[in-house]
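Scroll down for the structure; my scribbles are underneath it.
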Amino acid sequence: MGMGSKMEGPSTPANRRDPYEVLSVSRDSTDQEIKTAYRKLALKYHPDKNASNPEASELFKEVAYSYSILSDPEKRRQYDSAGFEALDADSMDMEIDLSNLGTVNTMFAALFSKLGVPIKTTISANVLEEALNGTVTVRPLPIGTSVSGKVEKQCAHFFGVTINEQQAESGIVIRVTSTAQSKFKLLYFEQDVNGGYGLALQEDSEKTGKVTSAGMYFLHFQVYRMDSTVNALAMAKDPEGAFFKRLEGLQPCEVSELKAGTHIFAVYGDNFFKTASYTIEAVCAKSYEDTTQKLKDVEAQILRKRNELRQFEAEYRKALARYQEVTDRYTKEKQSVDELLKQRDGIHSSFTIVKSTNITGNGSNFSNGSSSKMTGEESPGEDGGSDGKDKSGKKKWFNLNIRGSDKRLG
């Protein structure tokens, strides 16, 4: 639930100026003062209002870029300490304006969105201007009720939620769902000094199960929103390490409670071509005390787990680098051993007089360490000669004439 959702895309102006100078604010300006300055300049230079002025488009980018730095506490701190050099320019994202894309680019954006790539979009300047002028139609949305409808693309339906002191103390939840899985934004407007409404918070719909949904939770303690763009950007930069960035998209919401009175919310059609169907409901958290406590507990666990993952990532990358080092060494050592054994086998093979071709002569083969018979030696009985017969005819002590003995005995 934060003003100025971001998207991956070209955002850095050709000539970067001091963001404080761009927004005409001082270095000690509050977040609210920076936000107010951004709204006025964004409306002034919005492409919807300056179609024939190309310079306005560049000024709009410069304003959005400056706000993306100063609206983020960490980036603002980095810039204050070391200027643009301290910022990772690749992570500087901004929104795109559907009304300024043209048909072809809108079709491409719709395709990427269909494929699951998160596409963040700006809110039409016409909607913001009508809200600031107070010319929008506001429908009542009593606590404990819901309203269903369809809103045209880049248009908004406004609702007034009136709460009493008890309800404000208990906490309020505003949720929007779409069973048609439409893309939409849930917007929260604050009363402007001129009587109109200034955009304070926005939450983009996310697909959860078979529906798309968005919610704002004013529960008197810090609640968080999940920015899926952070995860998508992390996966694009480092697919293997994307797991460690899954919880980085959890961002604190800027408003944690509402005072008694009437508060203005809106459902903004964010589909690329068609209307967005939705159901919006306003709930008092009094009836959901257990659920509220569970939300507080689980988000606290997520924050602790995020810190643990940040530490574990350093250990993991160190171990991964060591693993890569030892696997590289394993490959080299294996190659070295194979080569040494091959050389050894080659050396062993050189201890021989056997040639690959037949050698003419007496037909005897000699080899080092062999058990082949030497020239002139004969094995007994080998050639079947007289010596062999004589030797075979001699009786040995165990070769007795048993049959003859038997006859004589008989």
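Points worth noting:
- Qualifying residues in the stretch 178-217 (those that are under 26 Å from the mean Cα position of the chain (by Cα) and aromatic (Phe, Trp, Tyr)) - the one surrounded by the fewest Cβ atoms within 10 Å (Cβ to Cβ): TYR217
- Residues that are within 15 Å of TYR65 (Cα to Cα) and of a type in the set (Ser, Thr, Tyr) were ranked within the stretch 19-39; the one that is surrounded by the fewest Cβ atoms within 10 Å (Cβ to Cβ) is SER24.
- Among (1) surrounded by 14 or more Cβ atoms within 10 Å (Cβ to Cβ); (2) modelled with pLDDT of 90 or more - the single one LYS332 does not satisfy: (1)
- Positions within the stretch 251-297 being farther than 14 Å from VAL223 by Cβ and basic (Lys, Arg), in sequence order: LYS259, LYS274, LYS286
- Residue match in the stretch 221-234 (condition: closer than 29 Å to GLY196 by Cα, modelled with pLDDT under 85 and surrounded by 17 or more Cβ atoms within 10 Å (Cβ to Cβ)): yes
- The residues of the stretch 153-197 that are under 19 Å from CYS284 (Cα atoms) and assigned to a loop (DSSP other than H, G, I, E, B), listed by number, are ASN164, GLY171.
- Among the candidates VAL283, VAL255, VAL267, the residue that is touching a Gly at 6+ places or on another chain (Cβ under 9 Å), closer than 14 Å to TYR188 by Cα and not polar (S, T, N, Q) is uniquely VAL267.
Okay, residues lined up against (1) among the aliphatic types (A, V, I, L, M); (2) over 23 Å from the mean Cα position of the chain (by Cα); (3) over 30 Å from GLU169 (Cβ atoms); (4) at pLDDT below 95:
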position: LYS294; (1), (2), (3), (4): no, yes, no, yes
position: GLU313; (1), (2), (3), (4): no, no, yes, yes
position: TYR316; (1), (2), (3), (4): no, no, yes, yes
position: ALA319; (1), (2), (3), (4): yes, no, yes, yes
position: ASP345; (1), (2), (3), (4): no, yes, yes, yes
position: SER370; (1), (2), (3), (4): no, yes, yes, yes
position: GLY381; (1), (2), (3), (4): no, yes, yes, yes
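- If the condition is being of a type in the set (Ser, Thr, Tyr) and within 31 Å of the chain's Cα centre (by Cα), then the stretch 119-159 contributes THR121, THR122, SER124.
- Residues of the stretch 101-151 that turn out to be more than 21 Å from SER277 (Cβ to Cβ), in a helix (DSSP H, G or I) and at pLDDT below 65, as a count: 7
- Residues that are at pLDDT below 75, surrounded by fewer than 18 Cβ atoms within 10 Å (Cβ to Cβ) and in contact with a Leu (Cβ under 9 Å, 6 or more places away or on another chain), drawn from the stretch 56-100: ASP90, SER91
The values are calculated or read from the model by the stated rules, or taken from the named source; none is laboratory data. Model, not experiment: these values are computed from the prediction. Cβ: placed from backbone, ideal geometry, glycine included. Neighbour counts: every protein chain shown.
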